[in-house]
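Below is one structure, written out as structure tokens, with a few remarks after it.
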Amino acid sequence: MKPIQIFTTGGTIDKVYFDALSEFQVGDSGVGNMLSEANIAYDYEIAPLMKKDSLEVSDDDRDLVRAAVKACPLGHILITHGTDTMAQTARHISGIEGKTIVLTGAMLPATHRATDAVFNIGFAMAALQLLPTGTYLAMNGRVFDPVTVVKDRAAGQFKTAN
């Protein structure tokens, strides 16, 4: 298996509670720890691109993500991203030839006991190895086309638009 490039952008998956401020803020990514604890047996590289809540991600930020993906010499790329604008970013970076790109995130921070972060990261890593070239979202145990996916806030899940 060729190495996988992981780019982190922040989002809920990386939020931590700052007691002095009594609020959650985006902190350092825990993806490396999750993969280490899961005893992942293939090579991956992790590079942070930003630490933002996805509602704060701008088109300039999306251009940065696209440029990083295009410049990456690896063909398999996982991007962690906040769920509110993940599909928008996926659409923005779609069409990069010769790469399989999967975006994932979490509805609850990775530091929470009942988080979906660990499952989503593992699922996205597996999907990345099995999918053909293209750009996808991996959430809630499903793989989505970024053109047709929507976030159902009430259900706390992603689904294909009608």
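A few notes on this one:
- J(HN,Hα) series, the range 49-55, from Karplus relation 6.51 cos²θ - 1.76 cosθ + 1.60, nearest Hz, glycine and proline x: 9, 6, 10, 10, 5, 5, 5
- 3J(HN,Hα) along the range 82-99, derived from phi through the Karplus expression 6.51 cos²θ - 1.76 cosθ + 1.60 where θ = phi - 60°, amounts to x, 6, 5, 10, 4, 5, 4, 5, 4, 5, 5, 9, 4, x, 6, 6, x, 10 Hz, with x in place of Gly and Pro.
- When the Cα positions of V69, H92, S58 are compared along the charge dipole of the range 53-116, V69 comes out farthest toward the positive end, with charges on each C-beta of Lys, Arg, Asp and Glu.
- For the range 61-144, a crude dipole built from +1 on the beta carbon of Lys and Arg and -1 on the beta carbon of Asp and Glu, taken about the Cα centre, is about 80 debye to the nearest 20.
- Amide H contacts of G11 (H built 1.01 Å from N, under 5 Å, at least 5 apart or other chain): K52, D53, S54, G82
- Other-chain or far-sequence residues with amide H under 5 Å of V149's (modelled H): A161
All of the numbers you see were taken from the coordinates with simple rules; none came from a lab. Everything numeric in this text was worked out from a predicted model, so none of it was measured. Cβ atoms come from the backbone with ideal geometry, glycine included; neighbour counts cover every protein chain shown.
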